[in-house]
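Novice: This is the structure I have questions about; it appears just below.
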Amino acid sequence: MSLIPGLGIVRGMALTLRRFFQPKVTHLYPEVPAEISPKFRGRLQLLYDEHGTLKCETCFQCAQACPIECIDMGGVDTKGRFAVHWGASETYGERREESALRRAGRTVPDVAYEHWSPIDLSAVDAILHEADHDPRRLLEILGATQAAYGYLPVAALKRISFGTGAWYAMVYGTATYYHHLRFEPPARLAGADEPVAPTVESGRERVEADYLAALDQAIGPGSKRPAGRVN
Amino acid sequence: MDRILRCRLESRFGERLTGPVRQRHDETEIRIAPGDVPEVLLALHDESEFRFRMLSDLAGVDTGTTMQAVYHLWSDTTADWLRVIADGMSRDDPRVPSVTFLWKGAEWMEREAYDMFGITFEGNRDLRRIYMPPDYASFPLRKDFFLADDAARSPAGGVRHMEQTHGPTNAQTGARIRQAPSS
Amino acid sequence: MTTRTPFDIPAHASTDDPRVTLDEQLGVFEPIPPYPPRTEREAEFYTLRDGEMFLNMGPQHPSTHGVLRVVLKIDGEKVVDLDPVLGYLHRGVEKLCENADYHQAICYTDPLEYISSLFCEWSPVMAFEKLLDVQVPRRAEYIRVLSGELNRIASHALFIGWFALDLGGLTPILWSFIERDEIVEMLAALTGQRMLFNYFRIGGVNGDLNHEFMSRLGTWMSKATHQINSNQALLNENEIFVRRARGLGVIDTATALQMCMTGPNLRATGVPFDIRRAHPYSIYPELDFDIPSRTEGDCLARYLLRMDEVKQSLRIIDQCLHRMPDGPVMAKLPRLIRPRPGRAYAAIEGPRGQYATYAISDGTDQPYRMRIHDPSFIHLQSVGLLTPGNLIADTMAIMASLDPIMGGVDK
Amino acid sequence: MTVVGRTWERLTIPGKILAVVIPLGAVLTAGLAILIAVIGGAVVQFLVDNLPLVRFVVAATIVLLMTVPSAFLIIYMEMKVIALMNLRYGPDRVGPFGSALSVVHGLKVLMKEDFTPTGADVPVFTLAPVVVYMSSVMSLLVLPFAPGLFGQDFNIGLLYFFAMGGLTVVGLLMAGWSSFNKYSLLGGLRSAAQVISYEIPLTLSVVGVILLAGTMSLNQIVLGQAGNLFDWYIWRQPLAFVVFFIAVTAEANRTPFDLTEADSEIVAGFATEYSGMRFGFFFFAEYVNVFIASGLTVAVFLGGWNAPFNWPWPVAVGLDPGSLGIGLLLLLTLGPPLAIVVLGLPFYLLNSRIRFWQALIIGFGLFNVIAVAAVLGLAFLSFDWVVGLLWFMGKTYVFVFTFVWMRGTLPRVRIDQLMGFAWKWLLPAALLNLFVTAFAILVLNR
């Protein structure tokens, strides 16, 4: 404090008055876009190769390594199915409860999320209830599910993962390992048009079909995949 | 590693140490019984050859078989951190005397250890939960803590009231069940 | 003196009960917990004497620096006693870290004290390196010190702004944000993020210095001292500010040591205790800098001390730039880290004091126990010691001068 | 009928109100015009007979209407000036340089939900902003804006002023007590303590001026300072000026004495529970208070509407429009179109891209600017109240700027420092000033 009372106040006021006339430092954001440094890694990005196709092959390594599970993805697997999905609810079975996820800073399953192929899941629930939601009886559950639906719909797999607490990757891996389990309705395998499982017609499904058609068109008829069969 | 500190500790607390003095990097570790905590820490704090004036950290540890209270101390007489482990508390009712008579600032750290591990610090004037809700029933950092069950055991059921729904929930997991759209 | 114990009130006052008054129904006595007291201290605090009342400050209050609730027991404007209630921001970081592997655990510690994230990473990284017996390359150490000191300046700049804001000044916080924003942009060029940098890795840092960072740093360093000095004219001599901060919240050395204080708050009481000197780590023994200390121990001393520390940090940055060696920035390490079973403790000097991590390894790829010691948590505790007897306005000033960050307090 | 009914149902509530009020107003206005045409003479005679009453009603209306734009202006000034001092741009989106932002704020406040907390004392809670606002507005009534331009020339003007200023605290106390919130209660009590403490030095500091002027009428005080810069009372009462300025800052609850609404301590004090237009009333009252405080300082110490120097070259406009006779009619009818064409022609001729109608629009704009400037200039030269008003407003806004500037610079004082300052420093200083003034008058007049 200076000797003269009030001099400090006056000096401060002189400083603010000087700043009043100085050039301003605000970034005028919407007009002047922000300078983002090339190293900025706040945004997830998918990379494309020189042919314009995605480099990402949905191996989930990034999602599995990400500690806060901010990476979530869906994709087409080698058989051309929208079978793969990764998310918080699948990874940590014991922490699926919403409040726990919130407290843990994890993403909360979105109730508004619509499955790719919505189907009536009450049969799966009954099977799960019968099997006591026990992940160790996974094979039994999967067999029963296949018996109920004729094949293993993706939504049913997710429900099984959700109900038993087993990781989705584990359920999916089990289902792919055994030859008697299949992911496509037998009707489609035979080449018929009508699906067997009681699917619900939805926009998603149509989008899926459209997407597949577009994919076929892009790849060309010559390279059309054999339906659901690995040669 | 400060060899002299090791010698001094061994000569001063010879019979009180429940294990060998361990040294690694810049840390010296001694183990004592929980009952000896006030006397040992008082000696470390006051005596001129130690002068451990600063309580750097106080932590609870659940080893799966026993509970430990771990004190980290700093002194200008040595270049090492001194780690004092009060070992061998039972997991059912872990009890250890409080060090708040030496460091008032240990109060909240003890409260935290109580909140997370259920270690009772005898002599702490304000030993209550600090992070978790007051009616929370379990101790989250214990190794046998299982969130879904333990949170549900509390009267308020964790923080469920923030996002209660009226829809059907899975009896097992408590998660909301989405109704598949009827055809 | 009439004494009324609030615990006579039924736990959940019902609107149907005719004996329940409107006040009780509406929750006039809201800060009174609806359960019997668990400790003597709680019973004593929640018992009102004549003329006293509770004031529930927070969880949403402009001056609590986060989601903190402080129950003040006031007599008029005078604060008789207070009881901080924590846990509104508790995320269970320690538990999360126990369930993540060593690399992922560092990511969780970032948002602890979100305005000095690098220091929150630094201590776990050092603890894990001790567990693994890794030698960090010297260039990486220099980069750590350089970026850490920049982060310290950013944190102190924010402190100065907040302190002034809690005393009612509108301008300083925006001026500090100018400095802070430049530093944060600079660190974004280096680390890739503006706030939660996640830059330090076990055995080094994630990426070498780049051109954009160096050019930004050079531009800023050339004008930083002038800018900081000219900003001081606003507050340092202002009579209103000095009169409010001087002699407020005085804590002496013995009490400060008893309260386990570290960092600027301890140094303001006259102890030049700084872990950078007291327990050297990284390359600090090679650098030339002073440990400023003041003897008053009041809010003004704590404020001025941080001003001095900013200047010392600038000195350190300058030396780092001049002595920066060449070489790798990461040690050779396996991708999956499985340290031998053991215990490690690492403490560093952050802008608020001692950040420490106590890690126990059981030989797997996840830490068995990871204890995080945070200075904000320790310092917030002493608000209860410093405030009683002062006015409500002083509560905010004292709390701001101790500079707690709720992200760190609630872990 | 159904069409009308359906349209009526589609209207919002304000729309319905307007749909009723506008035709009604039109009908009433037309009726009034007819009434005036029929019994006009008698009405005019009645009004002339009761001129003070008419004057009061007109003045009160004007003052009430004036508060809103001046509050908007000061709010904008506060936002912009503090922003510029903080090295920000501040409002820059709505209107030129963001000047319409405060109007938008006003509209926003109007549209917000008007919320009364459970447990509040509803009548008191509702009345409090009205009391605060009305006491501010009523203070304006005695403020002399220009020669002959004031609401009422009370012979106890200053006393009335302080009485009205003291009424504000009643409103604040009402707000603080009735809000059912401890922060509000603290704010209300703080404001009571603060305003009552600062009333005393405030009143005592102007007693010296009252002694010098020999009157308590603000108009007379301003008239007493006629002449040049050195006839203002600030030179004869410098200490009183300092005390008055500090006390009036505290009265207006401005930084560094804004303890009643200290946002970092007691959230917003008495205004914590208020929302919508009730909060808007508090807000308006605060800024009107700033205007009043500045205006009062100017009127008492800085010569009011007096110019700081005498204009050395008096200009007399000897223009009498009436003398033009029929030429005036011709000028009014033919002048504007001719001027528009003449002003627009160069644009049309010199720039080939401008169409003729565009040139006409440009000419019309230019003509309007020139005409308004000419009329205002003429008024400035012809009427001395225009000059006085300009000087008064100029000086007042310098003080408003100072208040805003202080808010941008200074931190807040503590409540005990605030009270101690009033009782230990300001009150003795004001008393000292009073004694010295009285003694000097006694000696000099003898």
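The values are calculated or read from the model by the stated rules, or taken from the named source; none is laboratory data. As the structure is a prediction and not an experimental result, all values here were calculated from the model. Cβ: placed from backbone, ideal geometry, glycine included. Neighbour counts: every protein chain shown.
Novice: Within region C:305-318, restricting attention to residues that are in contact with a helix residue (DSSP H, G or I) (Cβ under 8 Å, 6 or more places away or on another chain) and under 20 Å from C:Y355 (Cβ atoms), which residue is surrounded by the most Cβ atoms within 10 Å (Cβ to Cβ)? Give the derivation first.
Specialist: We begin by selecting, within region C:305-318, every residue in contact with a helix residue (DSSP H, G or I) (Cβ under 8 Å, 6 or more places away or on another chain); these are C:305-307, C:309-311, C:313-314, C:316-318.
From what is left, the residues that are under 20 Å from C:Y355 (Cβ atoms) are C:305-306, C:309-310, C:313, C:316-317.
On the way: C:L305: 22, C:R306: 27, C:E309: 23, C:V310: 24, C:S313: 21, C:I316: 21, C:I317: 22.
Among them, the one singled out is C:R306.
Novice: Further question on the same structure: Return the only residue of D:F421, D:F403, D:F367, D:F347 being buried (at least 17 other Cβ atoms within 10 Å of the Cβ), more than 28 Å from the chain's Cα centre (by Cα), within 14 Å of chain C (Cβ to nearest Cβ) and not β-branched (V, I, T).
Specialist: Details: D:F403 fails: more than 28 Å from the chain's Cα centre (by Cα); D:F367 fails: within 14 Å of chain C (Cβ to nearest Cβ); D:F347 fails: within 14 Å of chain C (Cβ to nearest Cβ).
Step by step, each of D:F421, D:F403, D:F367, D:F347 is checked, and only D:F421 is buried (at least 17 other Cβ atoms within 10 Å of the Cβ), more than 28 Å from the chain's Cα centre (by Cα), within 14 Å of chain C (Cβ to nearest Cβ) and not β-branched (V, I, T).
Novice: Still on this structure: Residues to consider are B:D149, B:D144; find the one that is under 16 Å from the mean Cα position of the chain (by Cα), modelled with pLDDT under 90 and under 30 Å from A:L128 (Cα atoms). Steps first, answer last, please.
Specialist: Numbers: B:D149 fails: under 16 Å from the mean Cα position of the chain (by Cα).
Exactly one residue qualifies, and that residue is B:D144.
Novice: Which of the residues belonging to region C:284-299 are part of a loop (DSSP other than H, G, I, E, B) and hydroxyl-bearing (S, T, Y)? Break it down into steps so the answer makes sense when it comes.
Specialist: Looking only at region C:284-299, we keep the residues that are part of a loop (DSSP other than H, G, I, E, B), and these are C:287-298.
The answer is C:S293, C:T295.
Novice: Pull out all pairs, ordered by first then second residue, where Cβ-Cβ is under 9 Å, the residues are six or more apart or on different chains, the first lies in region C:179-190 and is within 11 Å of C:S155 (Cβ to Cβ) and in contact (Cβ under 8 Å) with a residue 24 or more places away in the chain, and the second is among the hydroxyl-bearing types (S, T, Y) and buried (at least 24 other Cβ atoms within 10 Å of the Cβ).
Specialist: Pairs found: C:R180/C:S155.
Novice: Continuing with this model, one more query. Quick one: is C:E212 in contact (Cβ under 8 Å) with a residue 12 or more places away in the chain, in a helix (DSSP H, G or I), under 23 Å from the mean Cα position of the chain (by Cα) and facing chain A (nearest Cβ under 9 Å)? Steps first, please.
Specialist: Numbers: in contact (Cβ under 8 Å) with a residue 12 or more places away in the chain: yes; in a helix (DSSP H, G or I): yes; under 23 Å from the mean Cα position of the chain (by Cα): no; facing chain A (nearest Cβ under 9 Å): yes.
Considered against the rule, which asks whether it is in contact (Cβ under 8 Å) with a residue 12 or more places away in the chain, in a helix (DSSP H, G or I), under 23 Å from the mean Cα position of the chain (by Cα) and facing chain A (nearest Cβ under 9 Å), C:E212 comes out as no.
Novice: Could you run through region A:11-43 and say how many residues are more than 7 Å from every other protein chain (Cβ to nearest Cβ) and either of a type in the set (K, R) or touching a residue at least 12 places away in the same chain (Cβ under 8 Å) (or both)?
Specialist: 2
Novice: If D:G151 satisfies all but one of (1) in contact (Cβ under 8 Å) with a residue 60 or more places away in the chain; (2) assigned to a helix (DSSP H, G or I); (3) within 15 Å of the chain's Cα centre (by Cα), what's the number of the condition it fails?
Specialist: The single condition D:G151 does not satisfy is (2).
Novice: What tally of residues in region C:78-117 results from selecting those that are of a type in the set (S, T, N, Q) and within 12 Å of chain A (Cβ to nearest Cβ)? So that I can check it myself, show each step before the final result.
Specialist: We begin by selecting, within region C:78-117, every residue of a type in the set (S, T, N, Q); these are C:99, C:104, C:109, C:116-117.
Still in the list and also within 12 Å of chain A (Cβ to nearest Cβ): C:99, C:104, C:109.
Total satisfying the criteria: 3.
Novice: Here is a further query. Take C:S376 and decide whether it is under 17 Å from B:V70 (Cα atoms) and either crowded, with 23+ Cβ neighbours inside 10 Å or under 11 Å from the mean Cα position of the chain (by Cα) (or both).
Specialist: Details: under 17 Å from B:V70 (Cα atoms): no; either crowded, with 23+ Cβ neighbours inside 10 Å or under 11 Å from the mean Cα position of the chain (by Cα) (or both): yes.
Considered against the rule, which asks whether it is under 17 Å from B:V70 (Cα atoms) and either crowded, with 23+ Cβ neighbours inside 10 Å or under 11 Å from the mean Cα position of the chain (by Cα) (or both), C:S376 comes out as no.
Novice: If you don't mind, there's one more thing I want to ask. May I ask you to list the residues in region C:257-283 that are part of a helix (DSSP H, G or I) and either in contact with a Lys or Arg (Cβ under 9 Å, 6 or more places away or on another chain) or surrounded by fewer than 24 Cβ atoms within 10 Å (Cβ to Cβ) (or both)?
Specialist: Those that are part of a helix (DSSP H, G or I) and either in contact with a Lys or Arg (Cβ under 9 Å, 6 or more places away or on another chain) or surrounded by fewer than 24 Cβ atoms within 10 Å (Cβ to Cβ) (or both): C:L257, C:Q258, C:G263, C:P264, C:N265, C:R267, C:I275, C:R276, C:R277, C:A278.
Novice: Output the helices (runs of 4 or more DSSP H) that fall wholly within region A:92-151 and possess 1 or more residues being surrounded by fewer than 19 Cβ atoms within 10 Å (Cβ to Cβ), within 12 Å of another protein chain (Cβ to nearest Cβ) and at pLDDT 75 or above, or say none. Steps first, please.
Specialist: Details: elements: A:98-103, A:122-130, A:138-149.
Ranges flagged: A:122-130.
Results for (1) more than 18 Å from C:P137 (Cβ to Cβ); (2) surrounded by fewer than 21 Cβ atoms within 10 Å (Cβ to Cβ); (3) away from every other protein chain (no Cβ under 14 Å); (4) in contact with a Phe, Trp or Tyr (Cβ under 7 Å, 6 or more places away or on another chain), shown as yes or no for each residue.
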| residue | (1), (2), (3), (4) |
| --- | --- |
| C:P285 | no, yes, no, no |
| C:S293 | yes, yes, yes, no |
| C:L300 | yes, no, no, no |
| C:Y303 | yes, no, no, yes |
| C:C320 | no, no, yes, yes |
| C:P334 | no, yes, yes, no |
| C:Y355 | yes, no, no, yes |
| C:R369 | yes, no, no, no |
| C:I372 | yes, no, no, no |
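Novice: Look through B:L73, B:L44 and report the one residue that is touching a residue at least 12 places away in the same chain (Cβ under 8 Å), crowded, with 22+ Cβ neighbours inside 10 Å and in a helix (DSSP H, G or I).
Specialist: Values: B:L73 fails: in a helix (DSSP H, G or I).
Answer to the selection: B:L44.
Novice: Kindly indicate whether D:E113 is in contact with a helix residue (DSSP H, G or I) (Cβ under 7 Å, 6 or more places away or on another chain), outside any loop (DSSP other than H, G, I, E, B) and among the acidic types (D, E). Quick ask: steps written out before the conclusion?
Specialist: On the way: in contact with a helix residue (DSSP H, G or I) (Cβ under 7 Å, 6 or more places away or on another chain): yes; outside any loop (DSSP other than H, G, I, E, B): no; among the acidic types (D, E): yes.
So D:E113 fails the test.
Novice: Would you kindly identify the helices (runs of 4 or more DSSP H) lying entirely within region D:218-290 that contain at least 2 residues that are within 23 Å of D:T409 (Cβ to Cβ)?
Specialist: Values: elements: D:218-224, D:233-236, D:238-251.
Per the criteria, D:238-251.
Novice: Could you count how many residues in region D:76-126 are of a type in the set (S, T, N, Q) and within 14 Å of chain C (Cβ to nearest Cβ)?
Specialist: To start, the set of residues in region D:76-126 that are of a type in the set (S, T, N, Q) comprises D:86, D:99, D:102, D:116, D:118, D:126.
Checking which are within 14 Å of chain C (Cβ to nearest Cβ) leaves us with D:86, D:116, D:118.
Looking only at that region, the number is 3.
Novice: Collect the residues in region D:117-132 that are over 13 Å from D:A285 (Cβ atoms) and either in a helix (DSSP H, G or I) or free of Cβ contacts under 8 Å to residues at least 60 places away in the same chain (or both), keeping them in residue-number order. Spell out the reasoning first.
Specialist: Taking region D:117-132 first, the residues over 13 Å from D:A285 (Cβ atoms) are D:117-127.
Those that are over 13 Å from D:A285 (Cβ atoms) and either in a helix (DSSP H, G or I) or free of Cβ contacts under 8 Å to residues at least 60 places away in the same chain (or both): D:D121, D:V122, D:P123, D:V124, D:F125, D:T126, D:L127.
Novice: Shifting gears a bit: Condition first: under 16 Å from B:Q68 (Cβ atoms), in contact with a helix residue (DSSP H, G or I) (Cβ under 6 Å, 6 or more places away or on another chain) and either within 7 Å of chain C (Cβ to nearest Cβ) or in a loop (DSSP other than H, G, I, E, B) (or both). Now tell me which residues in region B:99-129 satisfy that.
Specialist: B:V99, B:I119, listed by residue number.
Novice: Please pick out the residue among C:I178, C:I143, C:I173, C:I160 that is among the aliphatic types (A, V, I, L, M) and farther than 30 Å from A:I9 by Cα.
Specialist: Values: C:I178 fails: farther than 30 Å from A:I9 by Cα; C:I173 fails: farther than 30 Å from A:I9 by Cα; C:I160 fails: farther than 30 Å from A:I9 by Cα.
From the options C:I178, C:I143, C:I173, C:I160, the qualifying one is C:I143.
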